[in-house]
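The values are calculated or read from the model by the stated rules, or taken from the named source; none is laboratory data. Given the structure is predicted, the values throughout are model-derived calculations rather than measurements. Neighbour counts run over all protein chains shown; Cβ positions are idealised from the backbone, glycine included. Ligands, DNA and RNA are stripped out before the accessible areas are found, and what is left, the full protein with its side chains, is counted by its heavy atoms. Shrake-Rupley method; radii C 1.70, N 1.55, O 1.52, S 1.80 Å.
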Amino acid sequence: MIKAQKTLLVLTTMALSAGLLLSACSATGGNKPAGGGNASQPDAGAVKPKEKVTLDFWAHWGSTTRRPIIEKLISDFNASQDRIFVKYTFVPFGDGWTKELAAVAAGNPPDVIIQDLVTVGQRAQKKQATNLAQFVKKDNIQDRFFPQLWDAVTYNNEPYGLPFNTDTRFLFYSKPAFKEVGLDPEKPPKTWDELQQYAQKLDKKSPDGKYQRIGYHAVNAGGWDLWLQNSDGKPLIDKEGPHYNTPQKVEALNWVKSWDDRLGKKEMDAFKATFGSKQNDPFVAGKLAMTVQNGTYYAQIKDFMKPEDIGMAPMPEFRPGTGNWSVGGGFDLEIPYGAKHPQESYEFMKYLTDTAAQKYWAQYLFDNVASKAAANDAEVLKDPAMKFAADNMKWTLVSPVPPSAPDYKNLANPLVEAVLAGKDDAKSALDKAQAAVENLMKTNK
Amino acid sequence: MNATIGPKAAKPRKRASLERREAAQGFMFVLPWIIGFIAFTGGPLLFSLYTSFTNYDFTSKMDFVGLDNYKYMFTQDPLFWVSLKNTLFYVVLMVPLTTLASVTLASLLNQKVPGMRAFRTVYYLPSVLSGVGVYMLWMELLSPDSGIVNVVLGWFGITGPGWLFDPNWTKPAIVFMKMWSVGGGMLMYLAALQGVPEQLYEAAEIDGASPLRRFWHITVPMISPVIFFEVVTTLISGFQIFQEGYVMAADPGTPGSPLNSLMFYNLHMFLKAFQAFQMATPQRWPGSCSQSSSSLRSSTCGYRNIGSTTKEGTDDERCGDSPPGQLFPEPAPARNGQENGRVPCALRRRAAVCGPVLVDDLDLAQIDGRDYAVSAVVFPEAVALP
């Protein structure tokens, strides 16, 4: 009797633990916990198509500045019709994308997600994003966007996302600093040579030899990659492949290094360690007279500097006439592969990229949007930086990363860093970078 | 005869069934672990062994490719050997140094001096802290110009190195940081030291052994099992190094920088898996799978969370409880002061000390090392120091 009871006990326990395990598996494999009320929705949608469809929208806008804006846009959309209800899910930046990857692999992704604009091709190739060609065909939606942004969301000439916002970099300079050293505050530097001359005038040293103010520094206040692309207007990488070792880029890298040579690499590393952490802004503190930043920078600093003291100018040109090339990126809206309601999701994406919603986003967040009409709207243009950014889009290079070289930077950046550290010369390093990325693309083909 | 054999024969049978029952119960007790092992360790381990022979990328393909991945790793991948070399260099430098430091520290803290408990607490405290907060702290301490380490070196006329900005000094810098938190190992050694019988020392003392001799011939042999255990666990944790290369990189957009000097094996594996989606590269086997992938995941999540906490501050951390700013519907809210009510104390303190601080919005996303948006600048004048 006792024995039988014990056997029963053993069997029951085993069955229970197995059940627990299986239910745990099915819980993660079947319904995502993030869904909440969403879990039963797909079935309901399938059985009675007339019923309201709930879309789960993932984005990383969780701050007190951005969240209210995106939630307002969503609630307007929900109120505007009665077929679709969009639920906003905040996912921390970066984490959301890894989460999406797992959700796509498990076959239960969110309906719409905000993703990185320059890596769309990778997700298209890996079947992580839904092809939007069939939806887009109907309404020529590409005319809404700046062309380079549209180009970034296409893979094999078919779109896999709709651009949402973007950014573009240009020169900010301190007018009082210009006046102080006798430069005309209305005449910002136009070429690299001018930039260098102005910067040297603006450098200020204290008696003990430490820099009190630096006119400009190519790496710490812009980045070598920006200046290399500015030189010949060709991205470091695009869908065709890498363009690292053009003669202009070799010259540009030498020029970038010359800033370190003149100002001292060690001093500049120290400068970067105190200010480059992005928590302490050198331009606002008056320790840097010129800097290259994206358009939203103005909105961040204008409350702390006199707006009339902030000068803005296009990127200086490599040589007169070579172009004020700049770089940008952004975010796009995607339907993860395997999402249940692509038609409804697309409708929501169309709404978010339409002029009204884009204008609202631009106006309240001073963020550069993907819609040409919204970016050039008269009300949006009232803000001087927004106007400047809209004009600057024609010089903005967006370089979509080829799916066969998603990690090209891990190979190429250290080779360029070696030049800046004085361990290699520009020509040989850029040749090596070109070969390394080409080889990476070949092996990943 | 039969009468005697009968019960004797019956007895072992009964014992056998008792043993069987006990064994069954024993298995019952370990069952949760066995299930956990199969589901979360063994299964994924075998799965990743299999995927190392395929071109698995999470979502689109999983075809058998034989030894191609291994061939690529050993002969073509330019970062594989670099990352392996970096990891070995770090382990070889870190394990002996931290072991030596913690044994020395434990011996010092084993002395009978008044107030010893306070010292023990002080030296143990750093190992309570962990994660990205500590890295951030050390990035400040090791800052080439204004960091306290180089400032103190400067008092002795030594020009400190660039630490995290100088490729030759990045790994020593991290080992230096690790030596600060040897408290965990120190605690083990301290416990072992207190277990060494007093009479051994007394006997040696009567025989005229010097303190150094006593240490070498009594203490070290007596605590050698603990040293062995500690060295093994430190070796394991040394090979798992990952976050340091990810977080403490000189250029936040290039993990492992400067010059790949912090490109550790696990970091390389992580980037291949989650940046290039090459889940099947053999780097992932056997170092990865469930256990270390999940520890990798949790460490990156930890990074993100802490990162966002330091950037934005949780509600609890904010000093001064001004109501959350209602942005709507005014287009451009006055940010000064109002924003300051919603920033972490640390940043406000920092603003008071260092001048204006740009507070990264959570949306201040770094893609390719570039910032996307920033929400506010904290200014000293609006700071109320708690």
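Observations on the structure shown:
- Cα-projected label distance for B:Leu108 with A:Asp193, points at 7 Å along beta-carbon direction, nm: 6.2
- Computed FRET value (nearest 0.05) for B:Ser146 with A:Lys445, which takes r as the C-beta separation and R₀ as 56 Å: 0.70
- Residues A:Asp354 and B:Ile158, FRET efficiency given R0 of 60 Å [Cβ-Cβ distance, rounded to 0.05]: 0.45
- Measuring between their Cα centroids, the stretch B:113-183 and the stretch A:178-254 lie 35 Å from each other.
- Förster radius 56 Å - calculated FRET efficiency between B:Leu137 and B:Glu19 (Cβ-Cβ, nearest 0.05): 0.45
- Full extension of the chain between B:Val220 and B:Phe40 gives 60.9 nm of extra length, using 0.36 nm per residue less the Cα-Cα distance.
- For A:Lys234, the shell of other residues with beta-carbons less than 11 Å away shows a net charge of -2, using +1 for Lys and Arg and -1 for Asp and Glu.
- Normalised by 2.2 N^0.38 Å, where N counts its residues, the alpha-carbon radius of gyration of the stretch A:254-335 equals 1.35.
- Whole-Å distance, taken between Cα centres, linking the stretch A:318-375 and the stretch B:11-84: 45
- Area projected by the alpha carbon convex hull of the stretch A:49-187, averaged over all directions, nm²: 12.9
- Debye equation applied to the C-alpha atoms of the stretch B:79-245, log10 I(q)/I(0) at 0.12, 0.18, 0.20 Å⁻¹: -0.67, -1.18, -1.31
- Cα centroid separation, the stretch A:377-410 to the stretch A:280-312 (Å): 19
- Directionally averaged projected area (convex hull, Cα atoms, the stretch B:44-99), nm²: 5.6
- Among the listed pairs A:Lys394/A:Lys445; A:Lys52/A:Lys372; A:Lys201/A:Lys265; B:Lys178/B:Lys272, those beyond 21 Å (Cα-Cα): A:Lys394/A:Lys445; A:Lys52/A:Lys372; B:Lys178/B:Lys272
- Label-to-label distance, A:Thr64 versus B:Lys61, with points set 7 angstrom from Cα along the beta-carbon direction: 5.0 nm.
- Under 17 Å of direct C-alpha separation, and excluding same-chain neighbours fewer than eight residues apart, A:Lys350 reaches these aspartates and glutamates: A:Asp56, A:Glu71, A:Asp76, A:Asp82, A:Asp111, A:Asp139, A:Asp143, A:Glu158, A:Asp332, A:Glu334.
- Solvent-accessible surface (1.4 Å probe) assigned to A:Thr119 amounts to roughly 30 Å².
- Cα pair distances of the stretch A:121-276 binned at 5 Å [whole percent]: 2, 7, 13, 14, 14, 13, 10, 9, 8, 6, 4, 1, 0, 0
- For chain A: span of alpha carbons on each principal axis (Å, largest first): 97, 55, 42
- With at most 12 other Cβ atoms within 10 Å, longest stretch of chain A clear of loop GluC sites (Glu not before Pro) (DSSP): A:241-378
- Cβ neighbours within 10 Å from other chains - mean over B:242-255: 2
- Model label sites at B:Gln199 and B:Asn168, defined 7 Å from Cα along the beta-carbon direction, differ in position by 5.6 nm.
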